[in-house]
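Reading through the structure tokens given below for one structure.
The numbers here are math on the coordinates, done by the rules we state, and not lab data. Since this is a predicted model, take the numbers as computed values, not measurements. All Cβ positions, even for glycine, are placed from backbone atoms using ideal geometry, and neighbour counts span all protein chains on display.
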Amino acid sequence: MTGQQSRQHGDQHGEPQDRAASREHAHGHQHDQHHKHDHKHSHSHNHGEGAHDVDWDELGPLLERGAELQMPALEQAAAWLGELVGDGDAVARVLDVGSGPGVAACVLAGAFPRAEVVAVDQADGLLARVRARAAERGLADRLVTRKADLPDAFTELPSADLVWTSDVVHHFGDQQAALRDLAARLRPGGVLAVGERGLPLRFLPRDIGIGRPGLLPRLEVANEARFAAMRAELPGAVSLVEDWPAMLAAAGLVPTGSRTFLTDHPAPLGLAAREQLHNHLTRLRSLLDTELDAQDRETLDRLVDDGAPTGILWRPDAFYLTATTVHTARACASD
């Protein structure tokens, strides 16, 4: 049973399929999606690499699968945004900035049935996946794509009643400037929704019977160090307190609240979630090779061994738990 909950700031069951099928899938996908928490939004990433280092086209299938695991949380977020805007039928255009393969864009199109949804991304391969996904769901007449190299192309984007962006702003050196640019795309009374941070992905107990207990916290520490290094190397990087409601206010908007949406797939996991975790661990093993000690590297090697009973594809104790926080603010209505 899959559970999702929302909190205001102030599953997939079944054993994996046969071993040969699991091995075939695992070898076919050796990369994890790059956005946070296995994206939260559809364009989600692991901290520690800059956006310029990533082959988004190649990662498209993994981004899409990761976002689908979080579909109920995305639907809850979209429903909440519908409450914030009041009359959903009055929403004529929605921008999904950093749309990835279009999972969130399709959810937003369903939540706002009279709106044109514009999926904005820099990767042709991801935008092709958006179009294919929209066509499969009968949304091609309302869901369009736009290629844009951000942040330079912010001013070229059309105005909108709702702007959604998830795990994207922190890829810009000047996050405050990015929020100002996003706010400038809002029509009077429009809402900006920014998904950032939340809670990191948890998927194993503290003691997993191999290596030292507490592997996941050590991976998080190493990943945060890489993320900080990535941020420092971004062009025009500006250090600031990441108080998102305050940053939205500084962008000239009126904060309208933050909520955190939980994605909870308890054990035993189905194959799709297990494969996503396998790719997540495989990518971390590569990214954090120099940050981890020999014992933790060996533990990761055993976890990604797709033929071992201690591997993530077969462990009965694997689960999938994460959360995304969405911060919102409204543009002042015209007089």
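Taking 0.36 nm per residue of sequence separation and removing the Cα-Cα distance, the R137/A79 pair yields an extension gain of 19.0 nm. Quotient of the Cα radius of gyration of the stretch 173-241 and 2.2 N^0.38 Å, N being its number of residues: 1.63.
Remark: the stretch 215-335 is approximated by an ellipsoid whose semi-axes, taken from the C-alpha gyration tensor as √(5λ), come to 37, 21, 10 Å, largest first. Once Rg and the Kirkwood radius are both taken over the C-alpha atoms of the stretch 84-147, their ratio Rg/Rh works out to 0.96.
Extending 7 Å from the Cα toward the beta-carbon at both R114 and R206 defines two label points whose distance is 5.4 nm. Measuring between their Cα centroids, the stretch 140-161 and the stretch 212-286 lie 25 Å from each other. Here, the stretch 160-289 has an Rg and a Dmax of 18.1, 56 Å when only alpha carbons are counted.
Take the Cα of A308, step 7 Å toward its Cβ, do the same at Q122, and the gap between the two points is 3.7 nm.
Note on S159/A249: beta-carbon distance plugged into 1/(1 + (r/R0)^6) with R0 of 22 Å gives a FRET efficiency of 0.60. Expressed as a fraction of 2.2 N^0.38 Å, the value expected for a compact globular protein of N residues, the C-alpha radius of gyration of the stretch 59-212 is 1.09.
Cα centroids of the stretch 289-309 and the stretch 315-335: 31 Å apart.
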